[in-house]
Amino acid sequence: MNPRGERFVNHALLAVFAVIAVFPMIGVVTQALKLPGDFDVSSFGTAWRDGHFATYLRNSVIVTACTVVIAAVLSIMAGYALGAMRFRGASVLFLVFLAGLTIPTEAIVVPLYFDLRSMGLDNTYAGLILPQVAMSVAFGTFWMRAYFRSIPPSLLEAARIDGASSWTTLWRVLVPIGRPAILTMLLLTTMWTWNEFLLPLVIINSDEALRTAPLGLSFFQGTHKTDYSLLMAGALIIAAPIVIVYVFLQRQFIAGMLSGAIKE
């Protein structure tokens, strides 16, 4: 196949998959705006007020921001130690982090709840943040280790020759040039934390004011089972923040996914 024909086939396939991905969203927007018919945005105001989404979105922002920041700092340091430094037991320690990626939340949520309750952390922000930090660090360490292992050894040697300590090399040399990989990790962690449903459902079992956005949407759905315009409006309200974040960071996300593909 000539290059022009191959390009046409690739674009056609991408167009088909784009339509498949966008079509459900079109249906959601249509229901929320009560189309076809009169253009009506009142469902958004009603959903916002009746669903208490201002409170739920605030809770999700607090939990997500704290989780992402703490997990990012720990992941960068752990990934640097395991990817760019050599010390005894590094391979075993890395396997411990990998184990965190293989254990599903469903397998640990019950004992985790009783542990948190025994420490008085159920129905608290800390009870939501700490477990998600632990889960995010497992992925973040795996991700950042792969990035740091792709760094040319000559760059690390140059930093050492200039007298830079390991701390200085990490934060002043490697982190700035690793922005795409780090932003990709931040974006993925943000999406996973924002969409987390099971942990808030189990841990926040009596304080309605601490519900996160996905959990609040679930209760809102149970109250308005037949009012589809309100349900779709609520779903769009909850999805909007993460969609906006992705739209603004999509270039860095793609660059981060490709980082490390070419080595010196």
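The values are calculated or read from the model by the stated rules, or taken from the named source; none is laboratory data. Bear in mind the structure is a predicted one, so any value in this text is a computation, not a measurement. We place every Cβ from the backbone using ideal geometry, glycine too, and count neighbours over all the protein chains shown. Quick note on the areas: whole protein, heavy atoms, side chains included, nothing else; ligands and nucleic acids left out. Shrake-Rupley method; radii C 1.70, N 1.55, O 1.52, S 1.80 Å.
Restricting the first member to the stretch 174-201 and to residues that are under 16 Å from Ile70 (Cβ atoms) and aromatic (Phe, Trp, Tyr), and the second to residues that are modelled with pLDDT under 90 and open to solvent by less than 30 Å² (accessible area, probe 1.4 Å), the beta-carbon pairs closer than 9 Å and six or more apart or on different chains are Trp194/Ile242. The number of residues in the stretch 31-43 that are closer than 16 Å to Gln221 by Cα and open to solvent by 60 Å² or more (accessible area, probe 1.4 Å) comes to 1. Tell me which of these Thr168 doesn't satisfy, since it passes every other one: (1) of a type in the set (Ser, Thr, Tyr); (2) surrounded by 14 or more Cβ atoms within 10 Å (Cβ to Cβ); (3) farther than 29 Å from Thr55 by Cβ; (4) at pLDDT 90 or above. Failed condition: (2).
Sort out which residues of the stretch 96-138 are assigned to a loop (DSSP other than H, G, I, E, B) and of a type in the set (A, V, I, L, M, F, W, C), and write them in order of number. Those that are assigned to a loop (DSSP other than H, G, I, E, B) and of a type in the set (A, V, I, L, M, F, W, C): Ile103, Met119, Leu121. How about the stretch 73-97: which of its residues are more than 22 Å from the chain's Cα centre (by Cα) and not aliphatic (A, V, I, L, M)? Gly83, Arg86, Phe87, Arg88, Gly89, Ser91 - these are the residues of the stretch 73-97 that are more than 22 Å from the chain's Cα centre (by Cα) and not aliphatic (A, V, I, L, M). Does Ala78 meet the test of being open to solvent by less than 60 Å² (accessible area, probe 1.4 Å), under 12 Å from Ser136 (Cβ atoms) and part of a helix (DSSP H, G or I)? It is true that Ala78 is open to solvent by less than 60 Å² (accessible area, probe 1.4 Å), under 12 Å from Ser136 (Cβ atoms) and part of a helix (DSSP H, G or I). Filtered by the rule that a residue be aliphatic (A, V, I, L, M) and over 14 Å from Ala235 (Cα atoms), the stretch 9-40 gives Val9, Ala12, Leu13, Leu14, Ala15, Val16, Ala18, Val19, Ile20, Ala21, Val22, Leu35.
One residue stands out in the stretch 97-109 among those that are in contact (Cβ under 8 Å) with a residue 40 or more places away in the chain and not acidic (Asp, Glu): the one that is most open to solvent (accessible area, probe 1.4 Å), namely Leu101. Listed by first and then second residue, the pairs linking a residue in the stretch 48-59 that is under 13 Å from Pro241 (Cα atoms) and at pLDDT below 95 to a residue that is open to solvent by 20 Å² or more (accessible area, probe 1.4 Å) and assigned to a helix (DSSP H, G or I), with Cβ atoms under 6 Å apart and 6 or more places separating them unless they lie on different chains, are Phe53/Ile237. Here Ala84 fulfils each of the conditions (1) modelled with pLDDT of 90 or more; (2) under 26 Å from Phe253 (Cα atoms); (3) not acidic (Asp, Glu) apart from (1).
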